[in-house]
Amino acid sequence: MNREISLIVAIIIFRVAIAFGQTVSIQGNQNGTIEADTVFLTGNVFINSSDSLVFNSGVVVLATGYFRIEIEGKMIARGDENNPILFKVSDTTGYSNLNSERGGWDGLHFVNTNPESDSSIFVNCTFSFTKALGDSTEKFGGVFNIRNFNKIRIEKCTFTHNTAWHWGGAIFAEASDIAIKSCHFENNSCGQPGPPYGYGGAICIRYSSPEISKSIFLNNRSTGIGGAVSLEYSDVNLNGNLFISNQSGLGGALGYMRSEPEWPVANNIFIQNNSIFFGGAIACIRSNPAFIHNTIVENTSSAYGGGLYCNDSATPVIVNSIIYNNSAGEGMDVYIWDIYSNPSFLYSDIKGGKEAFGGTGGIGFTAEYIGNIDIDPKLVHAGPYYCTLMEDSPCIDAGTRSFQTPFYPTVDFSGNLRISGLEPDMGAFEFKSNLGFRNNSTKNNISCYPNPFTTLINIDVAYMSNSDQAIRVTSSEGLVVFEKVLRAGINSFIWDGKNSSGRNTLPGIYIISIAGSNSVNHRTIIKAL
């Protein structure tokens with residue numbers, strides 16, 4: 001009897017140890033669900049084609065050296081918003097030296113994955129301090145190196161401080177139609193100062209038709225093309241993304257090359273990106289995508305084409321978009337390098353009009369230029385990085401619904417119905433559709449700083465109110481994460497980035513709305529890492 005009791009106690013203690021603070025070390029072939037709080041990678045991990053490996057929410061996966069997880073079967077890492085799964089290295093000393101494996105780990109490799117394997121899923125994970133080094137097939141994709149496998153979903157994940165010697169600082173995918181949704185890419189990089197140059201500081205896609213949607217790209221870098229995203233021989237559903245302060249040689253945010261896509265580049269915001277040579281926001285090279293409902297403002301190039309750069313027979317179509325207040329040495333907003341590049345512009349707000357285009361193809365511009373305007377779009381800056389339309393913006397109802405494509409966006413950047421008036425608006429936002437609020441004031445009286453923020457943000461209302469004001473913080477998906485009432489006469493508040501339950505919110509886009517007795521005003525803020 002005593003032995004039975006002792007055995008029961010031992011089992012209980014064992015289970016408690018598993019639930020609270022168990023640490024395990026893994027290497028070699030792995031299968032099943034790992035039950036631990038901390039998992040040390042002490043060598044390369046392999047998931048065979050008939051096996052699956054599952055990591056539970058809240059797990060910290062810590063590489064003790066330059067090790068990888070190689071998946072021929074299936075891997076599931078599904079965290080939740082309050083308990084993400086963390087993948088990182090135990091010691092980052094030497095991380096900045098790309099000639100050494102020290103300070104980093106080798107990421108996740110889907111290079112020989114069984115095409116019959118079930119989907120691998122990554123939700124609410126954070127990946128940091130990877131290095132893609134090695135021989136020619138290993139220099140791609142700091143976190144994910146994916147080849148010839150479609151069934152991968154990456155959602156609500158954060159990628160920071162990852163790098164690749166060549167292409168795809170965080171993700172490289174070739175012949176792989178994967179899904180990347182609602183992710184945050186910050187401070188990822190790829191390439192060398194000289195050859196081999198980097199393509200896609202955060203993401204490099206080749207010969208693929210993936211989805212990249214509702215994600216934030218902030219401060220990513222490449223030395224070649226596409227400071228955030230590089231697309232080549234691909235057809236990508238690139239929709240509803242925010243590109244901020246990314247940098248590259250060509251295409252500070254986006255490089256689209258050698259592609260004839262059917263999916264448009266739609267509902268994206270490109271702001272304050274920079275190129276050293278061509279295309280502060282976008283470089284389009286021998287490609288013909290449709291750019292529909294994009295806002296491209298305040299981007300810079302040290303040389304040519306602050307907003308859009310076209311070269312090598314590029315024939316994109318720009319529809320219902322805003323290209324304004326970009327800057328460059330020549331071709332402030334648009335630069336067309338050669339006479340064989342013929343971009344078309346339909347119902348868009350283009351600063352300076354076609355007369356201001358730079359380049360040989362710009363000076364001799366003969367392509368379609370229909371229904372465009374050159375008027376200050378009157379954008380409301382929600383923080384310094386985010387643009388909506390003022391009440392008297394000339395871009396309201398100034399677009400066209402006649403452009404034919406089966407992939408025309410039915411919603412705007414915020415996920416609300418695209419057409420709220422007689423015609424669609426120009427730019428990424430449909431006026432007064434954001435979160436369903438109506439702004440009854442012609443001025444936005446909210447000041448938020450610093451923006452982006454990491455832990456604390458000051459919210460100031462520039463007027464004294466004689467009535468209570470309700471503060472609401474909403475995620476980009478429309479979920480209310482925090483609410484508070486400012487009593488009459490109080491006009492400032494500091495938000496600590498936590499939700500109403502006192503838990504930290506994830507990095508991303510948030511909208512602050514303040515409702516008084518007579519108006520509702522909004523500011524969009526960005527929580528960085």
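Some notes on this structure:
- Which numbered condition Leu346 misses (of (1) touching a residue at least 40 places away in the same chain (Cβ under 8 Å); (2) over 29 Å from Ile509 (Cβ atoms)): (2)
- Each residue in the stretch 492-515 was checked for being among the polar types (S, T, N, Q) and either touching an Asp or Glu at 6+ places or on another chain (Cβ under 6 Å) or surrounded by fewer than 16 Cβ atoms within 10 Å (Cβ to Cβ) (or both), and 4 pass.
- Leu238 closer than 18 Å to Gly141 by Cα and of a type outside the set (Val, Ile, Thr): no
- The residues of the stretch 99-144 that are among the aromatic types (Phe, Trp, Tyr) and surrounded by 24 or more Cβ atoms within 10 Å (Cβ to Cβ), listed by number, are Trp105, Phe110, Phe122, Phe127, Phe140, Phe144.
- Any hit, the stretch 190-203, residues being surrounded by fewer than 24 Cβ atoms within 10 Å (Cβ to Cβ) and assigned to a strand (DSSP E or B): no
- Test: residue in the stretch 456-478 that is in a loop (DSSP other than H, G, I, E, B), open to solvent by less than 40 Å² (accessible area, probe 1.4 Å) and modelled with pLDDT of 80 or more: no
- Pair list, Cβ under 7 Å, 6 or more apart: the stretch 484-495 residue part of a strand (DSSP E or B), other residue among the acidic types (Asp, Glu): Val485/Asp468; Leu486/Asp468; Ser492/Asp460
- Considering the stretch 168-189, the residues that are more than 11 Å from the chain's Cα centre (by Cα) and among the hydroxyl-bearing types (Ser, Thr, Tyr) include one that is most open to solvent (accessible area, probe 1.4 Å), namely Ser189.
- Residue list for the stretch 303-360, restricted to those being β-branched (Val, Ile, Thr) and over 26 Å from the mean Cα position of the chain (by Cα): Ile336, Ile339, Thr360
- Residues that are in contact with a Leu (Cβ under 9 Å, 6 or more places away or on another chain), modelled with pLDDT of 95 or more, outside any loop (DSSP other than H, G, I, E, B) and under 15 Å from Cys183 (Cβ atoms) occur in the stretch 135-151; there is at least one.
The values are calculated or read from the model by the stated rules, or taken from the named source; none is laboratory data. This structure is a prediction, so every number in the text was calculated from the model and none was measured. Positions of Cβ are backbone-derived with ideal geometry, glycine not excepted, and every protein chain shown enters the neighbour counts. The protein model used for the area step is the full one, side chains on, heavy atoms only, and it has no ligands, DNA or RNA in it. Shrake-Rupley method; radii C 1.70, N 1.55, O 1.52, S 1.80 Å.
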